[in-house]
Number of protein chains: 2
Amino acid sequence: MNVLFIMADQLRWDHLGCSGHPHLRTPHLDALARRGVRFDRAFVTSGVCGPSRMSYYTGRYAVSHGATWNRVPLSVGEVTLGEMLRGAGLTLALTGKTHVMPDQAGLQRLQLDGASELGLLLRHGGFDEIDRYDGHSPPGRESRYPDYLRAHGYASADPWSDYVIAAEDRGRVVSGWHMRNVHLPSRVAEAHSETAYMTDVALDWIAVQGDAPWSLHLSYVKPHWPYVAPAPYHAMFRAADTGPIVRSPQDGTGAEHPVVAAYRTHDECVSFAREEVARHVRPAYMGLVAQVDAHVGRVVDALRAAGRFDDTMIVFTSDHGEFLGDRGLGEKELFYDEVVRVPMIVVDPDASADVTRGSSDARLVESIDLVPTFLDALGIDAPTHCDGRSLRPLLRGEAPSAWRDDVLCELDYGFRRARLALGRAPSQCRGFMLRTAEWKYVHWEGFRPQLFDVERDPAELADLGADPSFDTIRHAMRERLMDKLATLRHRVTLDDAVIAAHTDTHRARGIHIGIY
Amino acid sequence: MNVLFIMADQLRWDHLGCSGHPHLRTPHLDALARRGVRFDRAFVTSGVCGPSRMSYYTGRYAVSHGATWNRVPLSVGEVTLGEMLRGAGLTLALTGKTHVMPDQAGLQRLQLDGASELGLLLRHGGFDEIDRYDGHSPPGRESRYPDYLRAHGYASADPWSDYVIAAEDRGRVVSGWHMRNVHLPSRVAEAHSETAYMTDVALDWIAVQGDAPWSLHLSYVKPHWPYVAPAPYHAMFRAADTGPIVRSPQDGTGAEHPVVAAYRTHDECVSFAREEVARHVRPAYMGLVAQVDAHVGRVVDALRAAGRFDDTMIVFTSDHGEFLGDRGLGEKELFYDEVVRVPMIVVDPDASADVTRGSSDARLVESIDLVPTFLDALGIDAPTHCDGRSLRPLLRGEAPSAWRDDVLCELDYGFRRARLALGRAPSQCRGFMLRTAEWKYVHWEGFRPQLFDVERDPAELADLGADPSFDTIRHAMRERLMDKLATLRHRVTLDDAVIAAHTDTHRARGIHIGIY
């Protein structure tokens, strides 16, 4: 069994054809969904790249792995999927983005900051980096993309800034950092764009593997900003195709939650609060999604041609979503479904999964379930301190007892302007969301909670967090969150099986406690 | 400034003269208390050696460091006091017990399982082991005690079992593992006993340091079981000196908490439930305490003689207490004050602490405060992910704003017979205690809480955890516990200062998010 773990960056759950977008067509992803299971209520552990990805790579909640925001390194003490595979003699290759920040202090402490193979592995979050490139600044030495671009005629010391995220406006080169320019095509040809390049690298690497089994994380940097799409994707959609923009009567009023209000001071929210900005950016975003879809189609075609489609588990997901102007907000973070709910398509080629092919599953699943799922598919035991659970029983059509009935998500806004706006210390900027099928409850340190009736108000228009008639619900949800936090896996150095085998065995070890 | 961190093992907070024991005299510890501050409400993070000590050594709650019970290794990812000192060019020496379990899997993962200096340091919990010996089984190669004993005429392959914890009963050698024998004197002379030996090793080591600054953890293995005391301490106290035995009307009835009831199946509780056992063991325990007191006196005398008494911070504490038959329970664990409240005497030689000398302080302090206290005394910044706070402001007579008003304690009984008695999985055996000046609330996974009014019922005779008239209190305490768990320091790889310095700075790094 091979594993192909495809991730899009900042792709909203509802921006796929198969999840019901009114205008965006994603035929290749829809075809994957028809071949596997589309998990319709899949959630990430944090609505921002770093902590979310570290959960995808460790199988643990952000509160467990500790990398609570983009710039917080994953502790060298945390074990990633790549390492777990290595323990079984396998490797996990990477093309694209991981957002792994090396734990330099931890590596230095453990004298692993040199050029050893282990040091490199840890610095790369357990990945065997074929070509790494995180997408939010010019590619570094970990990527051959700049050389590739130059070889294809994009002459520049920084072809990413000058071509990939640049456009031409009446003869003048303009930057895609400025969202006013994203209706223009990128200065690179589609075949040389980021999404195409990463796909090429992945397919070349897969081809080289021949018949040997492999695991690959193909991690696109799109549709994340800068939102510049290459032709023809830049013009595939119009403002009229961008669907409704969600607004709540509470938006921007005194009834709004203080943390949400503080986020409105961020540049991206100031911009996206203007409907014309949202209508201007959404078509480019949709074009970038359509482009990812097309390249996923290339990958599937190549696997079929190589005869590997039937022995490869394929997962397609995203690290989080994006507001795109909904609620007058931009970008990500906070706990609305636009951000914390993601696409999740799982194709298990095993015959045992035939019974669920083409179905959608509304059970609550989390990003942390993928590590146990991959390990399960590869016949490797997951460490018991993984917070997630294998999805394979669900793929087999089973109804595992006590499948989870809530999901946990976390935010640390210590690095954000909102912290300054609220006058809080870096350690006092935490929120936890617990979401069931019916309710979404958000605990904010130092502020009132938020509460949404996600069953009757799926657009989360009414924050009931201060409404006295929902005291009982808030109390019950807070109790659940307390239970969740109190039962997280804090013990990481021993598996449950060891404890089970050594319960009440001190006498056998010559320790005779309490014998009179 | 030198640091002398003295720990007794399993010493109850109330078994000192200065804390009011009616019969036990501890003149040397009392003298230390007169020279420093006696913290009268000091609590450990778990009522069992391993997790409690790992908190003493990391400055972090058990829920943070993850070594939740005796046999759970401290993750190699956790940084201990010894390492923190090493970062400042100092070392932390050890004579005696640490209960550090090496994280073999973690060391192997990081290729530190060889004989490197770093590997050794991590295997030893950051200590420079002068002579390590944990006291609950025969000393291993980390201690010279067996050779020392043989050199002093105790001829045996295992002189600890045959002499130190053995006694002679009418010509027959009997073991101190059997508590019926603990009225008899140990087969070693007092001068060769564990407490004397550890003191000798410490004093020899201190003498060798000369005028160089040093930090030493002098960690006695007594009055922990086996309770055998050498003459004359074995006979210093009688049953009549052992004070009242606390019994609650709820003990052993259906009104008792299920986890407490399950603990009654443990051998030590079966034994200590018999009053004659408690009355038989307590005198030996008291003798062992008196012996520790005498040897602390030797240490003080030696420091005075060497002229180091006035430049050494001295702390005396214990890793937890012991029931000694109170409530019909034996040994430790659970959350009663007999177990989780400890002696804590802090002597700071600095003139700034003169204002508090000889006082007792009733503010809530925790074992995790010692790491920041030592670092503070040595002029080293504590990492922000330490959960504790330096006690030095309190020693200077200050009233720091927002000093803590609750303490957190934890238990993982997954290894214990109680787990089997209750039919629970290893991961479902957790309890958390939150104690304020007025209330002690215990959250048990899967069971009702416990609640004690520790102000009006300091002996914790009435468990109000199921009493409907205390719903409001329980609710408020549960809310506090929730807030505590939600604000623990999960982020360990970045200090708050780094976040403060890099808040809202992405534009300066060339990342122009959300600009139209």
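The values are calculated or read from the model by the stated rules, or taken from the named source; none is laboratory data. Note that the structure is a prediction, hence the values are computed from the model and not measured. Cβ placement follows ideal geometry from the backbone for every residue including glycine, while neighbour counts extend to all protein chains displayed.
Figures for the structure shown
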{"quantity": "Residues within the stretch A:404-428 that are free of Cβ contacts under 8 Å to residues at least 60 places away in the same chain, more than 17 Å from B:Val498 (Cβ to Cβ) and surrounded by 14 or more Cβ atoms within 10 Å (Cβ to Cβ), tallied", "calculated": "1"}
{"quantity": "Selection status of B:Asp14, touching a Gly at 6+ places or on another chain (Cβ under 9 Å), at pLDDT 95 or above and under 26 Å from B:Asp310 (Cβ atoms)", "calculated": "no"}
{"quantity": "Scan of the stretch B:299-342 for residues that are under 18 Å from B:Arg417 (Cβ atoms) and either of a type in the set (Gly, Ala, Ser) or surrounded by fewer than 24 Cβ atoms within 10 Å (Cβ to Cβ) (or both), ordered by number", "calculated": "B:Gly328, B:Gly330"}
{"quantity": "Count of the stretch A:78-98 residues which are within 13 Å of another protein chain (Cβ to nearest Cβ) and either of a type in the set (A, V, I, L, M) or under 23 Å from A:Phe415 (Cα atoms) (or both)", "calculated": "3"}
{"quantity": "Filter result for the condition that a residue is without any contact (Cβ under 8 Å) to a residue 12 or more places away in the chain and under 19 Å from A:Arg480 (Cβ atoms), over B:Asp457, B:Asp483", "calculated": "B:Asp483"}
{"quantity": "Among residues of the stretch B:131-151, those that are away from chain A (no Cβ under 14 Å), under 20 Å from the mean Cα position of the chain (by Cα) and of a type outside the set (Lys, Arg), counted", "calculated": "2"}
{"quantity": "Condition met for B:Phe39 (closer than 30 Å to A:His385 by Cβ, away from chain A (no Cβ under 13 Å), in contact (Cβ under 8 Å) with a residue 24 or more places away in the chain and of a type outside the set (Val, Ile, Thr))", "calculated": "no"}
{"quantity": "When residues of the stretch A:414-425 are limited to those that are farther than 14 Å from B:Leu494 by Cα and not small (Gly, Ala, Ser), the one nearest to the chain's Cα centre (by Cα)", "calculated": "A:Arg416"}
{"quantity": "Number of positions in the stretch B:424-440 that are farther than 15 Å from B:Glu333 by Cα and either basic (Lys, Arg) or away from chain A (no Cβ under 12 Å) (or both)", "calculated": "7"}
{"quantity": "Index of the failed condition, A:Arg187 passing every other in (1) touching a helix residue (DSSP H, G or I) at 6+ places or on another chain (Cβ under 8 Å); (2) free of Cβ contacts under 8 Å to residues at least 24 places away in the same chain", "calculated": "(2)"}
{"quantity": "Residue tally, condition part of a loop (DSSP other than H, G, I, E, B) and either free of Cβ contacts under 8 Å to residues at least 40 places away in the same chain or not aromatic (Phe, Trp, Tyr) (or both), over the stretch B:1-19", "calculated": "7"}
{"quantity": "Selection within the stretch A:391-422 - part of a loop (DSSP other than H, G, I, E, B) and within 12 Å of chain B (Cβ to nearest Cβ)", "calculated": "A:Ala402, A:Tyr413, A:Gly414, A:Phe415, A:Arg416"}
{"quantity": "The stretch A:450-468 - residue that is buried (at least 16 other Cβ atoms within 10 Å of the Cβ) and out of contact with any Phe, Trp or Tyr (no Cβ under 6 Å at 6 or more places or on another chain) and, of those, farthest from the other protein chains (Cβ to nearest Cβ)", "calculated": "A:Ala462"}
{"quantity": "Options B:Phe470, B:Phe447, B:Phe452; residue that is of a type in the set (Phe, Trp, Tyr), modelled with pLDDT of 95 or more and assigned to a loop (DSSP other than H, G, I, E, B)", "calculated": "B:Phe447"}
{"quantity": "All positions within the stretch A:485-516 that are of a type outside the set (D, E, K, R) and closer than 28 Å to B:Val182 by Cβ", "calculated": "A:His502, A:Thr503, A:Thr505, A:His506, A:Ala508, A:Gly510, A:Ile511, A:His512, A:Ile513, A:Gly514, A:Ile515, A:Tyr516"}
{"quantity": "Residue within the stretch B:270-282 that is touching a strand residue (DSSP E or B) at 6+ places or on another chain (Cβ under 6 Å) and touching a residue at least 60 places away in the same chain (Cβ under 8 Å) present", "calculated": "no"}
{"quantity": "Any hit, the stretch B:115-125, residues being hydrophobic (A, V, I, L, M, F, W, C) and in contact with a strand residue (DSSP E or B) (Cβ under 9 Å, 6 or more places away or on another chain)", "calculated": "yes"}
{"quantity": "Looking only at the stretch A:166-209, and only at residues there that are acidic (Asp, Glu) and in a helix (DSSP H, G or I), the one that is surrounded by the most Cβ atoms within 10 Å (Cβ to Cβ)", "calculated": "A:Glu194"}
{"quantity": "Boolean, B:Glu333 is touching a residue at least 24 places away in the same chain (Cβ under 8 Å), touching a Leu at 6+ places or on another chain (Cβ under 8 Å), assigned to a loop (DSSP other than H, G, I, E, B) and under 20 Å from B:Ala262 (Cβ atoms)", "calculated": "yes"}
{"quantity": "Qualifying residue in the stretch A:58-70 (condition: surrounded by 24 or more Cβ atoms within 10 Å (Cβ to Cβ), more than 13 Å from chain B (Cβ to nearest Cβ) and under 18 Å from the mean Cα position of the chain (by Cα))", "calculated": "yes"}
{"quantity": "Output for the stretch B:469-516, where each listed residue is within 7 Å of another protein chain (Cβ to nearest Cβ) and over 29 Å from B:Gly388 (Cα atoms)", "calculated": "B:Gly510, B:Ile511, B:His512, B:Ile513, B:Gly514, B:Ile515, B:Tyr516"}
{"quantity": "Residue selected from the stretch B:116-130 under the condition more than 19 Å from the chain's Cα centre (by Cα) and without any contact (Cβ under 8 Å) to a residue 40 or more places away in the chain, by the criterion farthest from B:Met54 (Cα to Cα)", "calculated": "B:Ser116"}
{"quantity": "Subset of the stretch B:99-115 that is within 24 Å of the chain's Cα centre (by Cα), more than 7 Å from every other protein chain (Cβ to nearest Cβ) and surrounded by 18 or more Cβ atoms within 10 Å (Cβ to Cβ) - its residue that is farthest from B:Gly135 (Cα to Cα)", "calculated": "B:Pro102"}
